[in-house]
């Protein structure tokens, strides 16, 4: 899978390098950005169009990276909280098992069916009476 990602990345850069070389004259035209509102008058120095595109591409990559890092931190903290909750519940379960001295075997899988639960409960009730 890493090889496929690498090949796609190389093809991506190759495609855009060919695009920039073939359209160099059009992309080299200067672009002057202006902003006039009320008393605020702002005008940027003329920049080549390709430079403006690359700057905004880099800013988009930077903002995306920051967003995904923040999301990763949020998911990591939620996972840590869930792990701590699972450990505390497991400790509580172990304490209850030790207190009641009933051995409960762990199921082979984490999925249980309602008929399996009903059969286990019915067999326990049958033993009591």
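Values in this text are rule-based calculations from the coordinates and carry no lab data. None of the values given here were measured: they were computed from a predicted structure.
Brief remarks follow.
- Cα-based radius of gyration for region 1-104, normalised by 2.2 N^0.38 Å, reads 2.17.
- Net length gained if the chain between residue 23 and residue 52 were fully extended (0.36 nm per residue, minus Cα distance): 8.9 nm
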